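Read the structure below first, then the notes.
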Amino acid sequence: MNVPEAEGHLWTLTDAAAILGTSPDNLRGAIKRGSLHATKVGRDWTVSRAEIDRYARENRRVLTDRITGR
């Protein structure tokens with residue numbers, strides 16, 4: 001069953017990494033480089049689903065290479 005995402009829902013880096021097939025450390029690096037836009041909430045970084053999707057589209061080749069080991 002697909003449950004619509006609530007407007008403004010923010011995902012943790014752990015969740016975003018699972019969606020993208022990468023690690024939270026890789027996403028922290030992307031945040032530091034400015035290629036992933038995230039918000040700090042307390043000690044944790046959070047990211048919107050729209051930003052996860054944008055990052056995936058713009059980094060599809062890099063993410064695929066990490067998964068396949070190329």
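The values are calculated or read from the model by the stated rules, or taken from the named source; none is laboratory data. Since the model is a prediction, treat every value here as computed from it, not as a measurement. Using ideal geometry, Cβ is built from the backbone for each residue, glycine included, and neighbour counts are taken over all protein chains shown. When the accessible area is computed, the model is the full protein with side chains, heavy atoms only, and any ligands, DNA or RNA have been set aside. Shrake-Rupley method; radii C 1.70, N 1.55, O 1.52, S 1.80 Å.
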Open item on the list: Could you check the range 38-52 and list, in sequence order, the residues that are over 15 Å from THR14 (Cα atoms) and either of a type in the set (Val, Ile, Thr) or within 10 Å of the chain's Cα centre (by Cα) (or both)?
Closed with: ALA50
- [ ] Mind telling me which of the residues ILE31, ILE67, ILE52 ends up being open to solvent by 70 Å² or more (accessible area, probe 1.4 Å), assigned to a helix (DSSP H, G or I) and either out of contact with any helix residue (DSSP H, G or I) (no Cβ under 9 Å at 6 or more places or on another chain) or at pLDDT 90 or above (or both)?
- [x] ILE67
